[in-house]
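Inspection log for the structure reproduced underneath, given as structure tokens.
The values are calculated or read from the model by the stated rules, or taken from the named source; none is laboratory data. What you see is a predicted model, and the numbers here were worked out from it, not measured in a lab. We place every Cβ from the backbone using ideal geometry, glycine too, and count neighbours over all the protein chains shown.
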């Protein structure tokens with residue numbers, strides 16, 4: 001098999017798997033799977049930043065009137081937007097000239113590529129899953145602006161999406177910790193429901209309420225122990241998400257702990273995914289970077305780079321909450 005034919009196999013195999021890789025990366029995390037289910041994986045096509053439009057105030061012209069009363073028509077500034085940086089992720093897949101010769105048959109080449117693409121896929125999936133919980137400062141500020149930034153342990157300070165929380169109270173998520181309990185102290189099976197109920201009540205507005213709660217191993221264990229005494233399991237498996245889960249109110253509560261879990265220790269995130277989106281670039285969603293074929297100048301090797309660009313965004317901070325055992 002000639003060298004150009006080998007590179008054709010490398011390029012087309014990766015290209016044909018790009019959508020599959022993107023799907024598998026999405027399914028690797030309960031939040032991204034929920035966002036996909038909601039249709040909140042929304043691509044963008046360009047710009048220096050990712051914009052999320054939001055309303056931050058009511059229209060002051062609204063009010064009751066009678067008969068020929070004059071109605072106010074003053075201009076109202078009630079719409080703004082949050083801005084999020086575009087973050088990039090890549091994983092090079094390398095084939096040496098010797099490996100191409102050793103895998104000269106088409107089937108052998110595809111088998112070797114499949115193995116390496118599988119590793120690249122799982123590596124990127126794990127990096128994305130970790131990034132979902134990041135605060136955007138990792139890897140020199142190149143990591144995703146994840147839940148530790150969107151729903152931090154101190155929701156009244158800091159700037160998120162270009163909006164200062166100290167100034168704008170509508171842009172503050174809710175927080176409940178052990179000091180919020182009637183009898184302050186560590187969370188236990190006896191008082192976990194008190195903390196969860198307290199946080200839930202702060203996050204409900206009409207039909208708006210959390211639909212996904214992700215927890216670490218510690219809080220999962222406490223919550224499970226509180227249920228087992230009463231045998232109140234309501235749902236053992238959520239097929240729509242594909243993750244083992246229980247129900248709290250009508251929200252899925254999902255463990256993201258155990259082997260390779262990334263949820264911070266002693267944490268429950270109460271999320272209203274209606275206001276959260278994963279925003280990949282339409283031209284950079286687990287695809288090979290141009291040029292598809294890259295050759296080392298001083299080495300007998302070829303590189304294909306699998307790339308992603310985008311960020312995790314929020315447009316409703318007041319509907320997100322965090323319960324921490326601290």
Open item on the list: Return the residues of the range 179-192 that are within 20 Å of residue 320 (Cβ to Cβ) and either touching a residue at least 40 places away in the same chain (Cβ under 8 Å) or outside any helix (DSSP H, G or I) (or both); say none if nothing qualifies.
Closed with: 187
Task: Sole exception among (1) in contact (Cβ under 8 Å) with a residue 60 or more places away in the chain; (2) outside any strand (DSSP E or B) for residue 176, by number - done: (2)
Task: Only listed residue being on the phi > 0 side of the Ramachandran plot, at pLDDT 80 or above and crowded, with 18+ Cβ neighbours inside 10 Å, chosen from 286, 219, 249 - done: 286
- [ ] Starting from the range 281-294, take each residue that is under 18 Å from residue 97 (Cβ atoms) and list its partners that are surrounded by fewer than 19 Cβ atoms within 10 Å (Cβ to Cβ) and at pLDDT 80 or above, counting only C-beta distances under 6 angstrom and pairs at least six apart or across chains.
- [x] 294/303
- [ ] Sort out which residues of the range 128-159 are in contact with a strand residue (DSSP E or B) (Cβ under 7 Å, 6 or more places away or on another chain), under 18 Å from residue 319 (Cα atoms) and surrounded by 14 or more Cβ atoms within 10 Å (Cβ to Cβ), and write them in order of number.
- [x] 132, 145, 146, 147, 149, 150, 151, 155
- [ ] Return the total of residues in the range 18-36 being surrounded by fewer than 20 Cβ atoms within 10 Å (Cβ to Cβ) and either more than 13 Å from residue 128 (Cβ to Cβ) or at pLDDT 90 or above (or both).
- [x] 3
Task: Residue that is crowded, with 19+ Cβ neighbours inside 10 Å, touching a residue at least 40 places away in the same chain (Cβ under 8 Å), more than 24 Å from residue 28 (Cβ to Cβ) and in contact with a strand residue (DSSP E or B) (Cβ under 6 Å, 6 or more places away or on another chain), where the choices are 162, 195 - done: 195
- [ ] Collect the residues in the range 37-71 that are touching a strand residue (DSSP E or B) at 6+ places or on another chain (Cβ under 8 Å) and surrounded by 11 or more Cβ atoms within 10 Å (Cβ to Cβ), keeping them in residue-number order.
- [x] 40, 41, 42, 43, 44, 49, 50, 51, 52, 54, 55, 56
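For residue 182, state whether it is more than 30 Å from residue 87 (Cα to Cα) and in contact with a helix residue (DSSP H, G or I) (Cβ under 8 Å, 6 or more places away or on another chain). Steps first, answer last, please.
Values: more than 30 Å from residue 87 (Cα to Cα): yes; in contact with a helix residue (DSSP H, G or I) (Cβ under 8 Å, 6 or more places away or on another chain): yes.
Taking the combined requirement at face value, the residue satisfies it.
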